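Right, one structure below, let's go through it.
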Amino acid sequence: MNSIKRVLLSMLAALALIAGLLPSAAMARSSSAPPPVDPGAAAASGITNTTSSKKILDYWTTARIRAATPEPLPRPAPQPTAEKQVKNVLPPQAAGGARPARLKGTSDSPRVLAHTQAQRWNRQGSMPATTIGKIYYVRNNGTPGYCSGSVINGNNKNTVWTSGHCIHAGGGGAGNYFRDFIFVPDADNNREPHGRWTYRYANTTIGWERDGNWSYDVAAIAFNPQAQRGNLADWVGYQGYRFGYGQAFNNIHAFGFPQDGYRRTDFSGNDLWYCLTFTWRAGVFDDRIHMECDMHHGASGGPWLEDLQLSRGWGYIIGAYSHRNVDGNQMAVDTVAKSPNHGDAAINVRNDVHVR
């Protein structure tokens with residue numbers, strides 16, 4: 001009987017021990033488990049310039065500048081699935097823009113009306129136009145190309161925000177980066193009032209570098225200061241950013257240098273245009289940003305700015321034109337313009353490039 005009692009007491013003690021340990025073990029697992037990480041949103045390998053600025057500038061003759069063509073879409077945009085969606089885990093990041101004391105916010109302050117058909121900006125020589133320009137590069141096949149881009153807040157004061165397909169062909173890894181990038185701010189009507197700036201480093205996401213996934217089509221480029229003008233941002237000003245704030249925004253100015261668009265014949269690729277509209281999330285399992293705007297090729301990389309106030313000339317980048325639905329000839333079939341969600345991917349790329 002005593003032996004049976006001892007066995008029962010031992011069993012009860014063991015059960016009590018297990019009951020006491022299980023909650024703490026579960027809590028330990030819960031507290032030590034890392035948050036979900038999206039590998040595609042991480043910054044990729046990037047490309048560091050090994051060519052002298054003089055050689056790059058010598059390459060970009062007037063003839064090559066004029067011959068540069070907007071970047072075609074590498075492939076039809078894939079439709080993200082529920083399995084591919086990974087929740088952003090980084091806290092939102094935001095920073096304002098600024099303009100040099102010598103620049104005005106804008107040359108005038110007329111009322112700007114909302115519209116989804118792009119209109120000419122016609123306010124050159126002042127912000128935001130001075131911060132927005134054309135990015136020229138050499139493709140892997142040796143042909144000259146161009147995209148749009150915008151100076152963004154960064155420690156190095158020389159960072160330009162754009163799309164991943166403006167620096168890398170999409171998929172194929174580290175060997176698919178373009179080369180010989182230059183940035184021409186305020187390049188309206190083929191003018192170059194602030195000269196040409198040569199690059200020193202460019203990077204995109206692993207998701208774009210490895211897979212060509214449009215949900216990760218973001219990029220940034222670090223440019224070199226100029227001997228006479230100093231840092232790019234100190235000379236032309238820069239835009240702020242709000243990354244990780246979602247997809248739904250009102251009063252968004254979308255800028256670019258389009259060469260074509262949805263049922264448009266008046267785009268040339270040489271002038272700055274804009275749409276003023278709102279954005280929304282693409283779908284339950286698709287975190288891309290959508291807006292109604294009819295600019296297409298050439299507008300790639302152009303900034304989508306929230307809270308752009310003409311009196312100061314800067315707003316907050318919340319997206320950048322990436323792609324749209326096209327037909328077999330790569331022509332737009334509707335007015336819906338698409339940007340990747342500017343969450344973890346944008347935060348990681350900017351964090352990598354703006355300190356270079």
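Any read-out appearing in this document is the output of simple, stated calculations on the displayed coordinates, not a laboratory observation. In this text, all values refer to a predicted model and were calculated from it rather than measured experimentally. Note: ideal-geometry Cβ built from the backbone for every residue, glycine included; neighbour counts use all protein chains shown.
In this simple spin-label approximation, Lys87 and Ala248 carry label points 7 Å from Cα along the Cα→Cβ vector, and these lie 1.8 nm apart. Charged neighbours of Glu192, selected by a Cβ distance under 12 Å, balance to +1 (K, R count +1; D, E count -1).
Annotation: peptides 39-46, 340-347, 56-63, 150-157, ranked by per-residue average of other Cβ atoms within 10 Å with the highest first, follow the order 340-347, 150-157, 39-46, 56-63. Stretching the chain fully between Ala63 and Asp327 yields a gain of 92.0 nm (0.36 nm per residue, less the alpha carbon separation). Fully extending the segment from Asn122 to Ala174 would add 14.8 nm, taking 0.36 nm per residue of separation and subtracting the current Cα-Cα distance. A Förster distance of 25 Å, applied to the separation of the beta-carbon atoms of Gln228 and Ser311, puts the FRET efficiency at 0.30.
Between region 254-277 and region 208-232, the C-alpha centres lie 22 angstrom from each other.
Output the relative contact order of region 218-331, whole-number percent, from Cα pairs under 8 angstrom with separation of 6+ residues. Computed value for region 218-331: 27 percent relative contact order. If all Cα-Cα distances of region 251-347 are sorted into 10 Å bins from 0 onward, what percent lands in each bin, rounded to whole numbers? Calculated over all Cα pairs of region 251-347, the distribution is 17, 49, 30, 5, 0 percent. Listed peptides 322-332, 172-182 appear in the order 172-182, 322-332 once ranked by packing, highest mean of other Cβ atoms within 10 Å at the front.
Peptides 163-170, 226-233, 308-315 ranked from most to least packed give 163-170, 308-315, 226-233, packing being the mean of other C-beta atoms within 10 angstrom over each peptide's residues. Applying a threshold of 21 Å to the alpha-carbon distances of Lys104/Lys157; Lys87/Lys157; Lys104/Lys338; Lys134/Lys338; Lys87/Lys134 flags Lys87/Lys157; Lys104/Lys338; Lys87/Lys134 as lying beyond it.
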